[in-house]
Amino acid sequence: MHNVVNMCDDVYWVGTNDRKTDRFENMWPLDRGVSYNSYLIIDEKVAVIDTVEFGTHSSYLDKIQDMLGDKKVDYIVINHMEPDHSGSLKVLLTNYPEAKIVGNKKTFAMIKGFYKIDHNFYEIAEGDELDLGKHKLTFATIPMVHWPESMVTYDKTTKILFSNDAFGTFGALDGGIFDDELDIDFYEDEMRRYYSNIVGKYGAQVQNAFKKLAGLEIKCIAPSHGPIWRTQIERVMKHYDAWSKFEPEDEGVVVVYGTMYGNTAKSANAVARQLAKEGIKNIRVYDASKTHMSYIIRDIWKYKGLIIGSCAYNSSVYPPIEALLAELKLYGVKNKYLGVFGTYAWSGGGMKAIKEFGEGMRGIEVVGEPIDVFCSPTPEDYTKVEAIAIEMANRLKSER
Ligand code: FEO
């Protein structure tokens, strides 16, 4: 059977790769695509764990039908209702009308809402066991990782944790399905981007999920996006633990700026150069108009240092920077040092907005003296801008 991967015993990956969609949630770039992982357990009873996005359902259905032949699907487990996973539920149910939909109370309300399906519900509660024959499935809710109804399914027989969004990554599966078959660094980076962009707001809930799943013997984590983790379980667990606590991974600084005519960029470049002179090696400089905030947020998660600059725009902050600040506020980003600079020609507003953002966020400390440059930096302005970099570097180095 092509494009179906046997994971172990009678458990199969039957997911799909999406290399056509430009944006995940119509917002986050998918340069290297994304996978929608669905799993099939063929036992005395047949269970499908999660489905795939609707647009990829044709090849998905082919795989399931080819694998099952005359067999029927007995259960469709819906770990998460976001349509990238539940989008093919209707198609599956049309082809297997007797299949029971396994979910919790919150799942079913959303199924009715999204798909107008109000039958075949098989409600499970925390800790219930679903007996497939050899395989025994149990369930644990993990609210807000990533929606309120989110849950994980655990196969007691194989010790596979079907974790849905948790431990998922952007990036289609380009041949390799398991972590030991592919370029781990790429997917690790895409996991960081998926976590920060999609799950980032729910760090406390991730910690609660960790507590709930503690003690479970896990031989394999099978998420709903990206690689199946079977050799790097400890590594991805450590990442999730750190990311959900906003713990920086490395010493480094993200410098992000908004500029119309390049004058604010001059300060950004000076700041970056000074950071390098102070011995900071990981420096990421981004023009917020050019680079999608998805990547900027990913790196903000990684490093403790953040320096933001903006020109004034209509007496306020430049819109791409405003959008970034709003997103960081929404996530409740913390454990950061923040440097602030701006440029103005008449009323100002850019620097002020960033400064107010930093002062209003618990867990963000503004370091150095924010500076608003008139039109284009003078030598004196450069000295003040560089002073922010020096202060930032000193603070970071003091934590070595
Ligand atoms: Fe992959 Fe929350 O959906």
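The numbers here are math on the coordinates, done by the rules we state, and not lab data. Computed from a prediction, not measured in an experiment: that's the story for all the values here. Please note: Cβ atoms are built from the backbone with ideal geometry, for glycine as well, and neighbour counts cover all protein chains shown.
Our estimate of slack between T291 and K71, defined as 0.36 nm per intervening residue step minus the Cα-Cα distance, is 74.3 nm.
Could you tell me which of the pairs K63/K105; K63/K112; K71/K134 are separated by over 23 angstrom between their Cα atoms in the structure shown? Beyond 23 Å between Cα atoms: K63/K105; K63/K112. Put in order of Cβ neighbour count within 10 Å, fewest first, the listed residues R235, R395 become R235, R395.
Nearest 500 deg cm²/dmol is fine: what mean residue ellipticity at 222 nm does the chain get from its DSSP H runs of n ≥ 4 alone, each adding -39,500 (n - 2.57), divided by its residue count? That calculation yields -10500 deg cm²/dmol at 222 nm. Angle of helix 350-360 to the longest C-alpha principal axis of the chain, folded into 0 to 90 degrees and rounded to 10: 60°.
Length gained on full extension, I233 to E181, computed as 0.36 nm times the residue gap minus the Cα-Cα distance: 17.3 nm. Looking at segment 255-319, the trypsin sites (Lys or Arg not before Pro) that sit in a DSSP loop and have at most 16 other Cβ atoms within 10 Å of their own Cβ are K281, K290.
Relative contact order, whole percent, for the chain stands at 11, derived from Cα pairs under 8 Å and 6 or more residues apart. Ignoring aspartates and glutamates fewer than eight residues from K281 along the same chain, the ones with Cα atoms less than 12 angstrom from its Cα are D250, E251. Ordered from longest to shortest, the equivalent ellipsoid semi-axes for segment 317-365 are 20, 12, 7 Å, each the square root of 5 times a Cα gyration tensor eigenvalue.
For segment 79-102 versus segment 50-70, the inter-centroid distance based on Cα atoms is 11 Å. If R0 is 35 Å, the Cβ-Cβ spacing of E365 and R32 corresponds to a FRET efficiency of close to 0.50. Across the chain, the fraction of Cα-Cα pairs farther apart than 37 Å, rounded to a whole number, is 31%.
Across segment 137-153, rounded Karplus estimates of 3J(HN,Hα) from the backbone phi angles (6.51 cos²θ - 1.76 cosθ + 1.60, θ = phi - 60°) give 9, 10, 9, 9, 6, 10, x, 6, 10, 10, 10, x, 8, 4, 8, 10, 10 Hz, Gly and Pro being marked x.
The phi torsions of segment 257-264, fed into the Karplus equation with coefficients 6.51, -1.76 and 1.60 and a -60° offset, translate into couplings of 9, x, 9, 9, 10, x, 6, 5 Hz, rounded to whole numbers, with Gly and Pro shown as x.
Place a point 7 Å from the Cα of A109 along the Cα-to-Cβ direction; which residues of segment 125-156 have their backbone N under 17 Å from it? Answer for segment 125-156: 125-126, 141-151. In a DSSP loop and with at most 15 other Cβ atoms within 10 Å, the trypsin sites (Lys or Arg not before Pro) in segment 89-173 are K116, K134, K156, K159. Taking a point 7 Å from the Cα of K201 along the Cα-to-Cβ direction, the residues of segment 297-332 with backbone N closer than 18 Å to it are 297-298, 301, 322-332. Axis angle, to the nearest 10 degrees, between helix 379-397 and the longest C-alpha principal axis of the chain: 50 degrees. In this simple spin-label model, placing a label point 7 Å from the Cα along the Cα-to-Cβ direction at both K20 and N208 gives a separation of 3.8 nm.
Report the calculated FRET efficiency for H2 and T138 (r = Cβ-Cβ distance, R0 = 41 Å), to the nearest 0.05. Efficiency, rounded to the nearest 0.05: 0.80.
Rounded to the nearest 10 degrees, the angle from helix 203-213 to the longest Cα principal axis of the chain is 30 degrees. Ranked for footprinting exposure by Cβ neighbours inside 10 Å, fewest first, T16, T231 give T231, T16.
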